[in-house]
Each structure stands twice: as structure tokens, then as C-alpha cells.
Amino acid sequence: MKSFTGALSMSDPRDPQERYSTLRTGGLLLSIPTLLIVSPMVGFFLGSLVDRWLKTPPWFSILGLVLGFGAAGRETYLIYRRYQQEAEQEKERRRSAPPPKHGS
């Protein structure tokens, strides 16, 4: 295959699924910081709404914040486990794949 410089280059031997696997992993791991920021904020906001509605001190705000951190921690753990499982499956797939052919 010719590139824009005119030089011949080899085509990418990886299948499209493998190429997009890296993007999927990156997206999966980049969702962790978002979870750690947004979940406690949502918990605090909902808790403060309940506090205003019931006219109580900030107990529900604090409870919402704690529950938000707990939910973020749980989701982070589940995402990391999913990442580890996918990495293990990829390792097994590469181990069981036939070696690439050279000289064709």
C-alpha cells in the first residue's frame, strides 16, 4: 500500500476489533475520574434537596455525599475488574492464536 509520500508500507495486520479494543480500554479507564467527581456531587445535591424539603440540618447532604463516594468506589472497582477480565481474555486470545505467517 502506498502512503502519501509514495513509499510502500505494509498494511496493518491487526484486525479492526483489536484496533478498537485499545480505544475501548482507554474510554473505560477514563470514565473512572468522572465517576469519582460526579457521583459525590450528585449525592450531595440530592441530599441538600431533601434537607431543604424536610427543613433539616445538613444530615442528608452529608449522607448523600458519603453514598456518592461509596457508589463511585463501587463502580470504580467494577470497571477495574472488567478491565482486568478483558486484558486476561486478550492475553488468552493471543496465546491461542496461530503465529503470523512471514514471506507472503
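The values are calculated or read from the model by the stated rules, or taken from the named source; none is laboratory data. A quick note: this is a predicted structure, and the numbers were derived from the prediction, not measured. Glycine also receives a Cβ, built like all others from the backbone with ideal geometry; neighbour counts cover every protein chain displayed.
Yes or no, residue by residue, for (1) at pLDDT below 95; (2) surrounded by 11 or more Cβ atoms within 10 Å (Cβ to Cβ); (3) aliphatic (A, V, I, L, M):
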| site | (1), (2), (3) |
| --- | --- |
| ASP51 | no, yes, no |
| LEU63 | no, yes, yes |
| TYR80 | yes, yes, no |
| PRO99 | yes, no, no |
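Matching residues to (1) at pLDDT 95 or above; (2) surrounded by 13 or more Cβ atoms within 10 Å (Cβ to Cβ):
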| site | (1), (2) |
| --- | --- |
| GLU18 | no, yes |
| THR25 | no, yes |
| LYS55 | no, no |
| LEU67 | yes, yes |
| GLN85 | no, no |
| ARG93 | no, no |
Loosely packed, with under 12 Cβ neighbours inside 10 Å and either in contact (Cβ under 8 Å) with a residue 40 or more places away in the chain or assigned to a helix (DSSP H, G or I) (or both): is that true of LEU46 in this structure? no
